[in-house]
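J.: Just dropping this structure here.
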Amino acid sequence: MTALKTDPDFRLYRSISEVSEMVGVKPHVLRYWETQFSMLRPRKNRAGNRMYRPEEVQLLMRIKDLLYARRFTIEGAKKRLLEDRKAAPPPDLGFTAPAPREPAPAVSRMEPMTRIVLHEIKSELRALLVRLR
């Protein structure tokens, strides 16, 4: 994570549209989840727009996994998140690469921070492609 912070393109806060694209749900779903999950409280800028930090993006990806992949109800997902918080120490937001001989994991199973980094790389590559054209 420290390498990311030294990168001039690294941003601590992301807009709802960026987060929506990274998580794979529409912005109205993120706003709804805010009303249902008390631990999800993104800051708002002076204009009143939501600004998400990396740990909030991680939480959103966890919520999506619980609701969509594991088919939890909202109440069940709330209970699981609270249990996880009590049982585990705060997550390490550092980037860890997979072992060299392991096959690459599916995108849906990647660590949230890895997905954020890949999203950044993809955005930069698109910008370079536009410049080259």
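J.: Ordering Ser123, Ser20 by how much accessible area each has at a 1.4 Å probe, largest first, what is the list?
T.: Final ranking, largest accessible area leading: Ser123, Ser20.
J.: So which lysines can Lys86 reach, going by Cα to Cα under 21 Å and dropping same-chain residues fewer than 8 places off?
T.: Reachable lysines: Lys64, Lys78.
J.: Kindly rank 49-62, 70-83 from highest to lowest mean number of other beta carbons found within 10 Å of each residue.
T.: Those peptides, ordered most packed to least, come out 49-62, 70-83.
The values are calculated or read from the model by the stated rules, or taken from the named source; none is laboratory data. Predicted model, so just to flag it, every value in this text is computed and none were measured. All Cβ positions, glycine included, derive from the backbone under ideal geometry; neighbour counts span all protein chains shown. Surface accessibility is based on the protein's heavy atoms, side chains included, excluding ligands, DNA and RNA. Shrake-Rupley method; radii C 1.70, N 1.55, O 1.52, S 1.80 Å.
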